[in-house]
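Below is one structure, written out as structure tokens; the observations come after it.
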Amino acid sequence: MKEILKDKTVLFPMISALLLTAVSAFIMYVGSLLWIIFFSLAQINLFIGIYRALQHSRT
């Protein structure tokens with residue numbers, strides 16, 4: 001194992017692959033959070049719109 005780690009040509013692709021995996025996982029996590037936030041905001045706006053439409057139809 002130590003011989004493998006001493007070889008820079010093996011070490012660099014391993015490190016870059018780990019970094020890319022971590023970065024892509026973080027981006028996916030943040031993206032899903034943003035998606036949930038925007039989706040909930042859209043639902044709230046939809047409910048407010050329906051409520052106002054019902055209020056207008058009553059009067």
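The values are calculated or read from the model by the stated rules, or taken from the named source; none is laboratory data. Everything numeric in this text was worked out from a predicted model, so none of it was measured. Heads up, the Cβs are rebuilt from the backbone with ideal geometry, glycines too, and the neighbour counts pull from every protein chain shown.
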Next item on the list: Only one of these is of a type in the set (A, V, I, L, M, F, W, C), assigned to a helix (DSSP H, G or I), modelled with pLDDT under 95 and out of contact with any Phe, Trp or Tyr (no Cβ under 8 Å at 6 or more places or on another chain): VAL10, VAL23. Name it.
Entry: VAL10
Item checked: Among (1) modelled with pLDDT of 95 or more; (2) within 17 Å of the chain's Cα centre (by Cα) - the single one TRP35 does not satisfy -> (1)
Next item on the list: Identify, from the list GLN43, GLN55, the residue that is modelled with pLDDT of 95 or more and either part of a helix (DSSP H, G or I) or among the polar types (S, T, N, Q) (or both).
Entry: GLN43
